[in-house]
Amino acid sequence: MTRSLLRTAQPDARRAAPGIAAGSLSALSAVALLAASAYLITRAAEQPPILYLSLAVVGVRAFALTRAVFRYLERLASHDAAFRQLAVVRTELYRRLVRVAPAGLGRTDRGDLLARVVGDVDTLQDLPLRVVQPLVVSGLTSVVAVVGVALVSPPAAAVLAGTLTVALVVGCVAADRLARRSERMLAARRGALSAAVVDLVQNLDVLVAFEAVDARLGRVATLDADLRRASSRRALTAGVVAAVLSALSGAAVLVTIPVVAPAVASGGLSGPAFALVVLVPLAVFEVVGAVPTAVLAWRRVRASGERVDSAVPSEVPDGVVDDEAVPSGDGDAHEPGRAAAAGATTPATQPALPPAARPALRLRDVSATWPGAAGPALRGVDLDVAVGDRIVVEGPSGAGKTTLASVLARFVEHTGRYEVGGVDTSTLAPAAVRATVGLVEQAPYLFDESLRQNLLFARDTATDDELLAVLDRVGLGPWADARGGLDAPVGERGVLVSGGQAQRISLARALLRGFPVLVLDEPTAGLDPETAGRLVRDVLTTARDDGSTVVVVSHVEVPVELVTRRVRIEAGRLREVPVDVEVEVAGSAGSGVASIAEPGAERGACG
Ligand SMILES: Nc1ncnc2c1ncn2[C@@H]1O[C@H](COP(=O)(O)OP(=O)(O)OP(=O)(O)O)[C@@H](O)[C@H]1O
Ligand SMILES: [Mg+2]
């Protein structure tokens, strides 16, 4: 799978060609410059008429210029291609992230994920820039240089070819041996350090309260020292390899001298030509020195590719709903890279729900297992949610209530049958189900933007008056006024608002959207009993008045006169509870006793 990611990171031949061509011309200019200079200086020492030198003089000037110009063009073209390709990689990664979030990312540390998606993805640009490009350029330059030297002196060319081969083999093997561990360690340690720093900063309040800051800082320092050690080991590797290559380039010169000396003595080779063939290896080795570095870079790129791949898997893990695995009649659009490049999602071709505005839900023998979990969190659940039902879901902590809510919103994959409006959801695009069944999560996410922006994305056509009205409905009207209206910031992940307020903002969002079926996962956690009661009462009353369907998960007492049914989940199994039976509601310290008036009066149809 890493291979497909790496293939996405490499620009296609057409886009990579200008950079490679410019790079090769620059490298060849460098070799030619040294050859022309060596020839010019030694020929000048023979004091020929100045006319004989003019060609070499022009050559030196021209190659000095072309080396710099092509080098500039190479940088421009290759970086342009690499950055454009990086944009494709990023799009592809975000596509993958969206596909597995939220259920598929539960096990990835946020800081490490950040390091992978930012740092490791950046490293992928080294594939075209520091792996493919130098390999191709060095290969081309070596071949041309050996052929060029062969035209002047075949024995010198043989020496050059031999020493180059030795240098490449020794350099690559040494780099590979030394780098294999350090490159892999380096990426992992960078991720660990980033995770530790993010963890430290985000939980500073807890750490200060428990006087645990020093311990955490110590951990960061240890990770930092580890990272530094791995970095210096890599630097050492690069240094050793460069030294080996320098020694070999010197050796090439030293070996060439005795090999071509007889030809000079016999008059077969002129002095200036001798200088040329002896000195050219120096320039060629400089170009070829990039090869072991490319091997190092390849290790680094591969390690980063693996890390990105494991953080953001290209295959949707078991248990997570795959948003794109719906027969859409357009198989090509799902091929990684191409889909991203074309920005292709194909909502138009995916099946949609029939336009029945208010569908009923029907679950038969539904089980669900979280990704990586040992056993199912929901087992063989049968549930019918009729149009207009207002169902309260109770049960002890960890029983599977959130899991049920996540199944209803198609975040977690299930076995068994789940129908919305009589249509099996496995034949529907998950997005289509989510457009019908809205979820207010137990721990809602707020964006670091204004209150307005946090509401508007639910329905971007809403006016300020509508936003204020919905805030009023969730009891946040006066608070929003005091905060300066809709422009009030909520802070990163809602740090500037209380937990209960965050939950109400998230509820306001869902109300604004007007989902036909609303699933509320503990919408009142973090609220005082009075506000909680008022809020739930308001939501359920409104639902009763406009006939919409609500499934509300609650630890706390819910006004039973407003609900049509009650179900209870224990250890993943669901059972119906008569609305008028007193049940101890876990988590509410024995106070959550439901009493009921007119049970069944509003009972929705229950299959
Ligand atoms: N993302 C996850 N990955 C793996 N296991 C999970 C995940 N979320 C929940 N679980 C497990 O699934 C089981 C049911 O959890 P769930 O969140 O549905 O409980 P809950 O009834 O909502 O509890 P609470 O009332 O505390 O919110 C638990 O054993 C829990 O540990
Ligand atoms: Mg829960």
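Annotation: amide H of V553 within the under-5 Å range of V393, L520, D521, E522, sequence separation 5 or more or interchain, hydrogens built in the peptide plane.
Can you give me the C-alpha center-to-center distance between segment 519-536 and segment 269-312, rounded to a whole angstrom? A separation of 65 Å, based on Cα centres. Find the percent of Cα-Cα distances in the chain that exceed 36 Å, and round it to a whole number. Result: 55 percent of Cα pairs exceed 36 Å.
Normalised size of segment 489-572, defined as Cα radius of gyration per 2.2 N^0.38 Å with N residues, equals 1.13. Between G380, P489, V474, the Cα set farthest toward the positive side of the dipole of segment 352-499 (charges on each charged residue's Cβ, about the Cα centre) is that of G380.
When each of I257, I505 is scored by the number of other beta-carbon atoms lying within 10 Å, the sequence from fewest to most is I257, I505. Taken as Cα centroids, segment 211-267 and segment 111-144 sit 19 Å apart, rounded to the nearest whole angstrom. So, R0 is 45 Å and r is the distance between the beta-carbons of A469 and S426; what FRET efficiency does that work out to, to 0.05? Approximately 0.75, to the nearest 0.05.
Sorting L76, L467 by the number of Cβ atoms found within 10 Å of their own Cβ, with the fewest placed first, yields L76, L467. For segment 13-26, 3J(HN,Hα) computed residue by residue from phi via the Karplus equation (6.51, -1.76, 1.60; θ = phi - 60°) reads 4, 5, 7, 7, 4, x, x, 5, 5, 5, x, 5, 5, 5 Hz, glycine and proline entered as x. Using R0 = 51 Å, the C-beta based FRET efficiency linking S498 and A13 works out to 0.35.
The peptide list 208-216, 90-98, 276-284, put in order of mean Cβ contacts within 10 Å with the highest first, becomes 276-284, 90-98, 208-216.
With no solvent and one point on each alpha carbon, what is the Debye value of log10 I(q)/I(0) for segment 127-275 at q = 0.09, 0.12, 0.17 Å⁻¹? For the requested q values the scattering log ratios are -0.51, -0.70, -1.00. Toward the positive end of the charge dipole of the chain, with +1 on the Cβ of Lys and Arg and -1 on the Cβ of Asp and Glu, the farthest Cα among T163, V198, V392 is that of T163. Multiplying the residue separation of E576 and D481 by 0.36 nm and subtracting their alpha-carbon distance yields 29.9 nm.
Here is how the number arises for the chain: DSSP H runs of 4 or more residues each give -39500 (n - 2.57), the sum is divided by the residue count, and the result at 222 nm is -19000 deg cm²/dmol. Taking the Cα centre of the chain as reference, the dipole from Cβ charges on Lys and Arg (+1) and Asp and Glu (-1) amounts to some 3000 debye.
Computed from the coordinates by the stated procedures, all read-outs in this text should not be read as laboratory data. Remember, it's a predicted structure, so these values are computed and weren't measured experimentally. So basically every Cβ, Gly included, is an ideal-geometry build from the backbone, and we count neighbours across all protein chains shown.
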